[in-house]
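The values are calculated or read from the model by the stated rules, or taken from the named source; none is laboratory data. Bear in mind the structure is a predicted one, so any value in this text is a computation, not a measurement. Note that we place each Cβ from the backbone using ideal geometry, even for glycine, and neighbour counts take in every protein chain shown. When the accessible area is computed, the model is the full protein with side chains, heavy atoms only, and any ligands, DNA or RNA have been set aside. Shrake-Rupley method; radii C 1.70, N 1.55, O 1.52, S 1.80 Å.
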Amino acid sequence: MWTEEDNKLKKTFTFNDFVEAFGFMSKVAIVAEKMNHHPNWSNVYNSVSFELNTHDAGDIVTEKDHKLAAEIDKLA
């Protein structure tokens, strides 16, 4: 479940290993590029964490973030 705090949508996904996590990141990268909305994310071994907000709107959560979050969920 995505949580909204500090003007960011946040979620962490956990996978079986690094290769699976990196594969997920590759899929997200393609979708994010098509949407022209790029996440702030981090990866440590088998986990990928996101903090989404819209820089152009003053670093607040917008509909663009909710749409990207929904697309990310579909890929997980």
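For this structure, a couple of remarks:
- Under 18 Å from LYS8, Cα to Cα: lysines that are on another chain or at least 8 residues apart: LYS64, LYS67
- Net charge of Cβ neighbours under 9 Å - reference LEU52; Lys, Arg +1; Asp, Glu -1: +2
- Dipole moment magnitude, nearest 20 debye, the chain about Cα centre, only Lys, Arg, Asp, Glu C-beta charged: 220
- Measure of compaction for the chain (Cα Rg per 2.2 N^0.38 Å): 1.04
- Angle in degrees between helix 18-35 and the longest Cα principal axis of the chain, rounded to the nearest 10: 30
- Average accessible area per residue (Å²) across segment 3-76 - probe 1.4 Å, nucleic acids and ligands excluded: 61
- In Å², nearest 10: area of PHE18 left accessible to a 1.4 Å probe: 90
- The share of accessible area on the chain that comes from carbon and sulfur is 52 percent, using a 1.4 angstrom probe.
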